[in-house]
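The values are calculated or read from the model by the stated rules, or taken from the named source; none is laboratory data. Predicted, not measured: the structure shown is a model, and the values here were computed from it. For neighbour counting, all protein chains shown are included, and Cβ atoms are generated from backbone atoms with ideal geometry for every residue, glycine included. Note: areas computed on protein heavy atoms with side chains; ligands, DNA, RNA excluded. Shrake-Rupley method; radii C 1.70, N 1.55, O 1.52, S 1.80 Å.
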Amino acid sequence: MLRRKEIARVRRGAFAAHDAWATLDSVGRHGLLVRAAIKQARTQVVASHGSALPEWNAPTWGFDLTLAHLTRTDGKSGRKEAGVNQHSGALLPGDYLVRNGILVTSPTRTALDVTTVAPTESALAAVCYFLHHGLTTKELLGERYRADGGGAGMANWPYSLSTDLVLRLADARVESVLEARGLYFCFQQSLPAPELQLEIHDNGRVVARLDFAWPDYGIWAEFDGNIKYTDFRRPGESVAEFVLREKRRQDRVSELTGWRCIRITWADLAQPELLAARIRRMLANSARVS
């Protein structure tokens with residue numbers, strides 16, 4: 001059946017209809033991998049860490065979707081085998097629930113867990129997502145992080161060195177992975193902390209919200225990712241029409257504030273030193289002018 005492409009192998013001993021498998025993206029295939037691993041587990045397990053992110057529609061940028069992360073509910077030592085990593089971290093009441101037909105860690109627990117298995121930048125994007133969508137709060141994250149009793153607190157867990165940094169940087173006003181990367185970039189490059197989602201008014205009416213702004217320097221930044229050109233276009237609006245509308249918006253902001261705009265893309269963040277140098281030049285020039 002595999003040779004005839006009637007079925008596809010999800011993992012050892014688990015298969016799916018080939019035609020259905022072929023239509024899935026990496027996130028969809030990961031969801032099947034997780035469900036297969038749960039069915040094959042010899043004890044009760046919960047989808048956790050990066051494997052819980054798709055269940056909450058959270059971003060998976062920078063996460064390894066070839067590996068299913070599960071946490072045992074019995075608190076016993078986990079194990080790592082082909083395609084599956086079982087964790088043994090203590091689960092408290094409220095740490096998991098049924099979602100999409102399987103047990104999944106809560107947003108608060110997931111946000112903390114991902115900081116132990118992913119690069120800081122990727123974990124920050126996921127935590128900001130949960131905060132922005134109101135699925136958790138900084139207070140809840142702090143309480144769970146410091147929880148007392150039976151080793152439940154996560155502050156001293158293995159691989160949690162970056163957790164505190166992520167919690168300090170995370171901000172509910174961050175609206176995309178690209179903005180989260182920009183926030184981490186500013187920290188990493190020791191740039192002045194920007195104001196997020198700053199509203200610009202004209203006669204009492206909000207005409208724009210700026211992704212990042214440095215009002216003292218008269219500079220603001222906009223992040224240009226693919227999502228902007230797909231999710232924020234008006235019904236029937238072409239890409240060209242959207243770009244022109246964005247240009248008019250930028251001109252209006254500059255007219256009202258006198259500030260200069262820098263646009264930041266994924267490609268820019270791939271060369272952080274060059275981007276940091278550009279921003280520092282703009283900040284220095286603005287300081288001299290003022």
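Summary table below
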read-out: Residue in the range 103-148 that is farthest from Ala58 (Cα to Cα), counting only those that are among the charged types (D, E, K, R) and at pLDDT below 95; value: Asp148
read-out: Tyr159 vs. criteria farther than 30 Å from Trp220 by Cβ and surrounded by 14 or more Cβ atoms within 10 Å (Cβ to Cβ); value: no
read-out: Residue match in the range 218-233 (condition: more than 19 Å from Asp171 (Cβ to Cβ), modelled with pLDDT under 95, basic (Lys, Arg) and loosely packed, with under 14 Cβ neighbours inside 10 Å); value: no
read-out: Matching entry among Arg12, Arg42, Arg35 (being under 23 Å from Val98 (Cα atoms), at pLDDT below 95 and of a type outside the set (Val, Ile, Thr)); value: Arg42
read-out: Conditions (1) modelled with pLDDT under 95; (2) open to solvent by 70 Å² or more (accessible area, probe 1.4 Å); number of the one not met by Asn100; value: (1)
read-out: Filter result for Gly50 (of a type in the set (Gly, Ala, Ser), part of a helix (DSSP H, G or I), closer than 30 Å to Leu178 by Cα and touching a Pro at 6+ places or on another chain (Cβ under 8 Å)); value: no
read-out: Looking only at the range 8-42, and only at residues there that are β-branched (Val, Ile, Thr) and in contact (Cβ under 8 Å) with a residue 12 or more places away in the chain, the one that is surrounded by the most Cβ atoms within 10 Å (Cβ to Cβ); value: Val34
read-out: Number of the exception - Asp202 against (1) open to solvent by 70 Å² or more (accessible area, probe 1.4 Å); (2) farther than 26 Å from Cys186 by Cα; (3) modelled with pLDDT of 90 or more; value: (1)
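This table checks each residue for (1) of a type in the set (Val, Ile, Thr); (2) touching a strand residue (DSSP E or B) at 6+ places or on another chain (Cβ under 7 Å); (3) touching a residue at least 60 places away in the same chain (Cβ under 8 Å).
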position	(1), (2), (3)
Gly78	no, yes, no
Leu91	no, yes, no
Val104	yes, yes, no
Pro119	no, no, no
Ser122	no, no, yes
Val127	yes, no, no
Phe130	no, no, yes
Arg144	no, no, no
Leu161	no, no, no
